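The values are calculated or read from the model by the stated rules, or taken from the named source; none is laboratory data. Quick caveat: nothing in here was measured; it's all calculated off a predicted structure. Neighbour counts are summed over all protein chains in view; Cβ atoms, including those assigned to glycine, are modelled from backbone coordinates with ideal geometry. Side chains included, ligands, DNA and RNA excluded: accessible areas come from the protein's heavy atoms. Shrake-Rupley method; radii C 1.70, N 1.55, O 1.52, S 1.80 Å.
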Amino acid sequence: MAKKYLCIHGHFYQPPRENPWLEAIEIQDSAAPFHNWNERITRECYGPNARARLVDGEGKIINLLNNYAWMSFNFGPTLLAWMADAAPEVVARIVEGDRLSRERRRGHGNAMAQVYNHVIMPLASALDKKTQVLWGIADFRLRFGREPEGMWLAETAADIASLEALAEAGIRFTVLAPRQAKRWSPLGKNEWTEAAGEVDPSRAYRCNLPSGRSIAIFFYDGAISQAVAFEKLLDHGEKFLDRLRNGFDPGREHDQLAHIATDGESYGHHHAYGDMALAFVLEQLEKDPDIQLTNYGEFLELHPPEWEVEIHDNSSWSCVHGVERWRSNCGCNSGRPGWQQEWRAPLRKAFDWLKERVDQLLVDHGKRCFRDPWAARDGYIDVILQRNPETITAFFEKHRSGDLNQETRHVGLWLMEMQRHAMLMYTSCGWFFDEISGLETVQCLRYAARAIQLARHFDQDFEADFVKQLEAAPSNIPEFGNGRAVWERLIRPGRIDLERVLAHHAIGVIYRDREERNRVYCYDLETLDQQVASRGASNVALGRFKVRSRITESELVAEFLVIHFSGVDFHAVLRKAPPVDKYDALKKKLFDVYETGSLADVTALATEEFNGEVYRLSDLFVEEQRRVIGIILKERFTEYRLEFERLANPDEDVIFHLGQMHYPLPRGMRTAISVALDHRIADAAANLESEENVKRIQSMLERGKAWDYQPDRPMLMHILARQLKHLTEEFNPVADLAALARHIGAVLDVASMLQIDMDLWQAQNRLLDACPSMDAATRAKLQSLAERFRIHRQLLGWEP
């Protein structure tokens, strides 16, 4: 009998979100309560798929499944780079999933590589194609400890030149959409079939390339993949399972592969609990004697291509017009009615213009430090993946053309970073959506700005001509008009140089203990001298700092003077450092004036003797800006709270009785009592070891019902979540588990009173992780808590 094989592939990817100057993701309020969208999606998708819940009819967890050990998948390298720092435990389980799959699948792992930063490969130059593939392979090798067999093409966008780049690098297969197959024939028979979108997805195909090489191609089942992504198939695990089983054609006589490919974020982010639906399906299929779960590498070994295929050049899975979505107003968009995408073509034209000039700078200046500048760029991934002085030195030793010195290192790093950002600006998401001022397109423009900034090291300023071209890119938002306004309002103000890094640090020194060495994102700060003085609500600081970029090794020594008048009114000046004796004389004079004179005298002295670039509080990076504002306003926040308490206290009984009589409370009165009550509950919720505090909260909520009190649930949820995190970190055999369980129970009780749905995912993980180190008697003490965590008590013997 013909055998049935099944493979589910997930393309896990998020566009890079790092500030190009800071190499870190700054806070994104739209992702709240998480710090940024990567963090949120990791919690909703990437993490849950590493420990997917299988539940019984009562919703209790009866088992956990690492979906990555049973499905085919790829992760974007730029996403994994962020996760390696921000969520290493999730990365470890992803890698473990690949390792386990190799044990089950004849040495073939579930993980596929991906071209480095999700560029549309058919629109990339031949040199960029090569680098994207080599960088993707190097990243894969570092993460998974092996060579990749397959590689995912961004948006499955393909042409023959892209397939050649894969094959030349040793990639054996890739996955495309069914409509990308042009025609197909049994090997050697020249009996070609050409029927749009009707290629048989149940087998592997060989694509013969002009170079004499070949690559295997799998064309996924388009109908089922579409249903997973857009037709809510993941809402019901049984329905998903039935649809997959029905993906086999009984009329086929050959061993057949049923396989689907979707964005991995379908399993938990786009579709809540999609990770659980997937786990249910994978568990059921693994037990099905009629179906063999597999991955592409194993199937290819067992069933080498018996058919060959030719593809449509410049085709993709997400644009019916080929690759036009990434270079024209083809009509494909995310559905904003009345909006056009005429900006796409001018944007790509401007990027292409800039890229030509950046590439020429590498040709013109690369020979100063590299034997082969393009080979050096291919090898620069070693620095990107493990950036430290040792790998940078090894990189130059491997690729240098002559003597290695500091100037050579600077030139080489400027050129390499310029190239890195010039490729990052082509990340496909910049064209995918509807508006040039959208987050994804702005991110690509920021990469362009960083490349332009680096080009200035070579006495080239491309900004004016580049921005001129952006005028041809119309925005859908009247306040922008076109790409020039987007640049001037959203890009130019956010640029960062060494001076701004120093200014950022200088303004913050008033509210920070002195440190001889500090780190600000990807910059190292050294305090050469610093003095801070305060008087009333005002502060003055003067000092000398040295800043050094960890990325390019560029450095700067400068002096700063900060005058804090009061509130959020700051005046900071930065200038290149003069001789030390002049600095010492100014310092003495400045603080003498500050001690005996007025702030006007200090300001006059600063204006006269400290000329330089002026910075304000708004020039701080957003995290530090919020920290400083919080410190400045802390006393005012306390005063507001006390005032609300003062107003609410004598009227509390009045408000209670008015509520009982359904009297409409005046807005001011309602605000005062609500804020006061929020803080009373918050104070009690922060200390739930005391049963009295639980009773106090219950009493306050009961009285608040009379006038329809609505708690500040986000604030209170943060307090409870912080407690839950702290308490579950204490799980260990020597802890007082009974007391711990009571305390956690109180947290959950209060959350229930407040109608807050606590996120128990991490708490469940910590409880289960602690169980293997406990004996049966110790685990028994946690049974009641397991019930509260919706974990079946039989699972307390679970081992990862």
Q | Entries of K129/K398; K4/K182; K3/K287; K367/K398; K355/K468 with Cα pairs more than 18 Å apart | A | K129/K398; K4/K182
Q) So what's the gap between the Cα centers of segment 596-640 and segment 193-230, to the nearest angstrom? A) 62 Å
Q) For the chain, rounded, prolate or oblate, judged on the Cα gyration tensor with a ≥ b ≥ c (square roots of eigenvalues), a/c < 1.5 rounded, else prolate if a/b > b/c? A) oblate
Q. In what order, largest first, do S549, S752, S699 sit by accessible area if the probe radius is 1.4 Å?
A. S752, S699, S549
(Q) Probe radius 1.4 Å, ligands and nucleic acids ignored: give me the carbon and sulfur share of the accessible area of segment 418-532 as a rounded percent. (A) 46 percent
Q: Pull out the extension gain between H236 and S566, defined as 0.36 nm times the separation in residues minus the alpha carbon to alpha carbon distance; nm, one decimal.
A: 112.9 nm
(Q) Considering only C-alpha atoms, what is the centroid distance from segment 424-478 to segment 332-390, in Å? (A) 12 Å
Q: Just tell me which aspartates and glutamates come within less than 16 Å, Cα to Cα, of K781; anything on the same chain fewer than 8 places away is out.
A: E730, D736, D769
**Q.** Phi to ³J(HN,Hα) by Karplus 6.51 cos²θ - 1.76 cosθ + 1.60 over segment 307-323, Hz, x for Gly, Pro
**A.** 10, 10, 9, 10, 9, 6, 4, 6, 10, 7, 8, 10, 9, 5, 9, x, 10
Q. Rounded if a/c is under 1.5, else prolate if a/b beats b/c, else oblate: with a ≥ b ≥ c from the C-alpha gyration tensor eigenvalues square-rooted, which is segment 450-585?
A. prolate
**Q.** Cut-off under 5 Å, modelled amide H: who pairs with N36 long-range
**A.** Q28
**Q.** DSSP bridge orientation in the chain - percent antiparallel, rounded to nearest 5
**A.** 65 percent
Q) Of all accessible surface on segment 688-800 at a 1.4 Å probe, what whole percent is carbon and sulfur? A) 47 percent
Q. If you plug each phi of segment 373-385 into the Karplus form 6.51 cos²θ - 1.76 cosθ + 1.60 with θ = phi - 60°, what whole-Hz ³J(HN,Hα) values come out, in order, with x for Gly and Pro?
A. x, 6, 5, 4, 4, 4, x, 5, 4, 4, 6, 4, 6
Q) If packing is taken as the mean number of other Cβ atoms within 10 Å per residue, what is the order of 73-80, 1-8, highest first? A) 73-80, 1-8
**Q.** segment 62-115: C-alpha gyration tensor shape, a/c 1.5 cut-off, then a/b vs b/c
**A.** oblate
Q) Out of residues 5 or more away from H259 or on other chains, whose amide H comes under 5 Å of its own, with H placed 1.01 Å from N in the peptide plane? A) C7, D221
Q | Peptides 496-503, 605-612 ordered by average Cβ neighbours within 10 Å, highest first | A | 496-503, 605-612
Q.
Probe of 1.4 angstrom, ligands and nucleic acids ignored: what's the accessible area per residue over segment 200-324, in square angstrom?
A. 43 Å²
Q: State which entries of K239/K725; K60/K725; K695/K725 exceed 32 angstrom in Cα-Cα distance in the structure shown.
A: K239/K725
Q) Using a probe of 1.4 angstrom, how much of the accessible area of segment 1-113 is carbon and sulfur, in percent? A) 50 percent
Q | Built amide H within the under 5 Å cut-off of V55, gap 5+ | A | I62
Q | In Hz, Karplus ³J(HN,Hα) per residue of segment 747-760 (6.51, -1.76, 1.60; θ = phi - 60°; x = Gly, Pro) | A | 4, 5, 5, 5, 4, 5, 4, 7, 6, 9, 8, 6, 7, 9
Q: Find, among the GluC sites (Glu not before Pro) in segment 1-103, those assigned to loop by DSSP (not H, G, I, E, B) with at most 10 other beta-carbon atoms within 10 angstrom.
A: E58
Q | Computed label-point distance, nm, for sites E488 and R667 using a 7 Å Cα→Cβ extension | A | 3.8 nm
Q: Sum -39500 (n - 2.57) across every DSSP H segment of at least 4 residues in the chain, then divide by the residue count to get the 222 nm mean residue ellipticity, nearest 500.
A: -14000 deg cm²/dmol
(Q) If I model a spin label as a point 7 Å beyond the Cα along the Cα-Cβ vector, how far apart are those points for K398 and N63 in nm? (A) 4.4 nm
Q: Note down the accessible area of T596, probe 1.4 Å, to the nearest 10 Å².
A: 120 Å²
Q. Put a dot 7 Å past each Cα toward the Cβ at R146 and I631; how far apart are the dots in nm?
A. 5.1 nm
Q) Rounded to the nearest 0.05, what FRET efficiency do T638 and V557 have when you use their Cβ-Cβ distance and R0 = 45 Å? A) 0.65
Q: Determine, from the Cβ-Cβ distance of D461 and A196 and an R0 of 35 Å, the FRET efficiency 1/(1 + (r/R0)^6), rounded to the nearest 0.05.
A: 0.10
Q: For V614 and Q710, calculate 0.36 nm times their separation in residues minus their Cα-Cα distance, and state this gained length in nm to one decimal.
A: 30.0 nm
Q. What lysines could a cross-link reach from K587, if we take a straight Cα to Cα line under 25 Å and drop same-chain neighbours fewer than 8 places away?
A. K546, K576
Q: Provide the FRET efficiency to the nearest 0.05 for the W339-K781 pair, computing r from the beta carbons and using R0 = 60 Å.
A: 0.50
Q.
If DNA, RNA and ligands are ignored and the probe is 1.4 Å, what is the ranking of I384, I215 by accessible area, most exposed first?
A. I384, I215
